[in-house]
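Trainee: Could you have a look at this structure, given as structure tokens, before my questions?
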Amino acid sequence: MQELQAESIAYVVSNHFGIDTGAYSFGYLASWSDDKKGLSDFESQLSIIQSEAKKIIDTVDAKLEKIKEKGTIENTFENKFSSFKQLKTDKEVGNNLSQNLGKANGL
């Protein structure tokens, strides 16, 4: 029975995140339909499956949100750093241009 629960939870969670495990999961879950006790137990386990799947989905969603926020913070730093590097490069190009123009004009 625990295998049936685990596979069902894995299917629900995978499906939530866009991973199609139906080709495997449906066949595996259907194999339990031959066991009438297993099938009736499965029906009684649906609330547990739903509850456990929700816990996993909520946990993963929260972790993904933190990663997304962290990525935004890091990207902001990277953008500022890139802007600083570009500003420094622009100043160097401007200084070099001024020096070269000054040399060309005999200054």
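The values are calculated or read from the model by the stated rules, or taken from the named source; none is laboratory data. Keep in mind it's a predicted model, so treat the numbers as computed, not measured. A quick note on method: Cβ atoms are made from the backbone with ideal geometry, for glycine too, and the neighbour counts reach across all protein chains shown. Areas reflect the complete protein model, heavy atoms only, side chains present, ligands, DNA and RNA absent. Shrake-Rupley method; radii C 1.70, N 1.55, O 1.52, S 1.80 Å.
Trainee: Condition first: out of contact with any helix residue (DSSP H, G or I) (no Cβ under 7 Å at 6 or more places or on another chain) and assigned to a helix (DSSP H, G or I). Now tell me which residues in the range 11-31 satisfy that.
Mentor: Within the range 11-31, Ser14, Asn15, Gly22, Ala23, Tyr24, Phe26, Gly27, Ala30, Ser31 qualify.
Trainee: Any residue in the range 42-60 that is modelled with pLDDT under 80 and in contact with a helix residue (DSSP H, G or I) (Cβ under 9 Å, 6 or more places away or on another chain)?
Mentor: Taking every residue of the range 42-60 in turn, at least one turns out to be modelled with pLDDT under 80 and in contact with a helix residue (DSSP H, G or I) (Cβ under 9 Å, 6 or more places away or on another chain).
Trainee: A further question follows. Find all pairs meeting these conditions: Cβ atoms under 6 angstrom apart; at least six residues apart or on different chains; first residue within the range 55-71 and open to solvent by less than 80 Å² (accessible area, probe 1.4 Å); second residue of a type in the set (Val, Ile, Thr).
Mentor: Every condition considered, the pairs that remain are Ile56/Val13; Ile57/Val13.
Trainee: Further question on the same structure: Mind checking which residues of the range 1-22 are of a type in the set (Gly, Ala, Ser) and more than 14 Å from Lys54 (Cα to Cα)?
Mentor: The answer is Gly18, Gly22.
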